[in-house]
Every structure is written in structure tokens, then in C-alpha cells.
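Participant: Below are the C-alpha cells for one structure; questions will follow.
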Amino acid sequence: MATALLLKSSALAAVNRRTYVRKKVLYLLLCTTSTSIEKIDQFLLSKRLWINEKMTLQRDMAPASNKQFVSGEAYPYLGRDYRLKVEHGPFAPVKLLQGRLVVQMPESGQQPCMIGNSIVRWYKRQAEQKIREKIKRYAPIVGVEPAGVNIKTFKSRWGSCTAKGELEFNWLIMLAPNRMVDYVVIHKLCHLIHHDHSSEFWWEVGRVMPDYQVCREWLLENSEGLLA
Ligand SMILES: [Zn+2]
């Protein structure tokens with residue numbers, strides 16, 4: 001039986017490996033040695049919608065570092081894609097205008113790194129605002145009050161809770177759907193009560209967000225693409 005798709009090749013070292021290239025997409029499929037090619041084809045066909053969804057999600061969630069910073073490029077923000085529009089003019093902070101992410105700067109300043117920095121500053125400003133709003137909304141429900149809230153860049157996590165009771169959040173969470181930001185905020189707030197991932201901690205998270213498991217799984221699946 002075929003059992004898994006879209007795994008990294010390192011994860012396949014010890015198992016039988018078949019590699020498929022279709023429409024320039026590389027699929028890695030785990031299967032037993034007795035699985036026939038017809039069975040594999042059938043399996044791939046039956047899973048094609050799921051595969052396409054995963055590929056689209058991975059592509060959409062590619063980190064800003066893969067970008068060219070040119071007009072027309074899509075930037076995810078709270079689960080939606082916004083097209084970038086680079087305009088000539090005096091320097092102005094990035095704005096979300098009529099569904100477009102508008103960068104305005106003089107032609108001489110329009111180097112990819114400057115546009116990129118400007119976009120990152122925009123994401124950070126949004127994170128400051130949205131996360132503070134969510135803290136205000138959820139802190140009384142959890143029954144805690146953080147000593148402070150800071151937005152940071154982390155390479156491999158969504159946030160942290162300091163010994164002083166301050167919460168720190170990774171601005172990259174703004175690339176994920178809004179509900180994921182809710183979950184990360186609630187998760188961190190609950191750490192002010194329980195500093196571990198004990199069953200008591202998860203009970204507390206579930207009390208505030210009964211469907212937290214969906215968000216947890218989504219982030220487990222997509223964090224690598226977002227944080228890379
Ligand atoms: Zn945690």
C-alpha cells in the first residue's frame with residue numbers, strides 16, 4: 001500500500017523509493033516493494049486534488065526571501081494573497097490599498113533589498129497592531145495579563161514567553177490565516193498559567209479555543225514553509 005506523499009528525500013532513506021515527475025512536480029511516494037505501478041498510478045490519481053492543494057499551499061507560503069520584489073508578485077497576509085505594486089514617487093511606507101500591497105519609492109531606491117525591507121517593516125507593523133488587538137481580546141478570557149508584548153524575528157518558532165512574563169511573537173505568523181494568529185496568541189497566553197505542554201495546559205487552550213487542534217495541525221504542517 002502507498003502510504004505517504006510529499007516527504008523529503010532524507011526521510012525516505014530506509015524505504016523503497018519511487019520518484020515521479022509529472023507537470024514538473026516531483027512526488028516522492030512511500031510504498032512496499034510489491035506495490036504495482038498501476039496501483040501507484042491509481043493512488044496518485046485518487047489523491048490528485050489533495051496533492052494540488054498541498055503544492056499550492058507550499059508555493060503560496062514561500063517565505064519572502066524567495067521573492068523578487070516586483071509588481072504582480074503575491075504576498076500572503078492573514079490567509080489571503082495580495083499583489084505587490086511598485087510605484088515611483090517619494091518614499092512612503094508600504095500600504096494595503098484596494099487589495100494591493102503598494103510600495104512607493106524613488107526609482108533610484110528601487111532595489112529588491114530596499115523594497116523587501118519595506119515589505120518586512122509593513123508585516124512587522126501589522127503584527128504589532130493585530131497581535132496587540134488579539135492579546136486585548138483573549139487575555140481576559142484566559143485570565144492573565146502579560147508583562148509586555150514584543151514582536152521579533154525567530155527562525156524556528158512562533159513566539160516565546162520570558163521568565164518575566166513577557167510574550168514575544170514572530171511577525172512571520174502574519175503570513176498564516178487569521179485563525180492561526182489567534183491560536184498562537186492563545187497558546188502563548190496559556191503559557192503564562194502553565195509553562196509546559198502538560199494536559200492541563202492543553203485543557204486551558206481548549207477551553208478558550210475548542211477547535212485548537214485544527215490550527216495546531218495546520219501549523220505543524222506549514223511552519224517549515226513559513227519559517228524557512
Ligand atoms: Zn508552547
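The values are calculated or read from the model by the stated rules, or taken from the named source; none is laboratory data. In this text the structure is predicted, and so the values were computed from the model without any measurement. So basically every Cβ, Gly included, is an ideal-geometry build from the backbone, and we count neighbours across all protein chains shown.
So that you can scan it fast, the table gives a plain yes or no per residue for (1) outside the structural domain of Trp218 (by TED's automatic domain parsing); (2) within 16 Å of the ligand (Cβ to nearest atom); (3) in a strand (DSSP E or B); (4) over 19 Å from Met209 (Cβ atoms):
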{"residue": "Lys130", "(1), (2), (3), (4)": "no, no, no, no"}
{"residue": "Tyr138", "(1), (2), (3), (4)": "no, yes, no, no"}
{"residue": "Asn150", "(1), (2), (3), (4)": "no, no, yes, yes"}
{"residue": "Ile173", "(1), (2), (3), (4)": "no, yes, no, no"}
{"residue": "Arg179", "(1), (2), (3), (4)": "no, no, no, no"}
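Participant: Continuing with this model, one more query. Tell me which residues, restricted to region 191-204, are assigned to a helix (DSSP H, G or I) and more than 9 Å from the ligand (Cβ to nearest atom).
Facilitator: In the first step, residues of region 191-204 are kept if they are assigned to a helix (DSSP H, G or I); the result is 191, 199-204.
If the condition is that a residue be assigned to a helix (DSSP H, G or I) and more than 9 Å from the ligand (Cβ to nearest atom), then Ser199, Glu200, Trp202, Trp203, Glu204 are the ones that fit.
Participant: Still on this model: Return yes when Val184 is away from the ligand (no atom under 16 Å from the Cβ), among the β-branched types (Val, Ile, Thr) and within 20 Å of Leu78 (Cβ to Cβ) and no when it is not. Talk me through it step by step, then tell me what you get.
Facilitator: Numbers: away from the ligand (no atom under 16 Å from the Cβ): no; among the β-branched types (Val, Ile, Thr): yes; within 20 Å of Leu78 (Cβ to Cβ): yes.
Taking the combined requirement at face value, the residue does not satisfy it.
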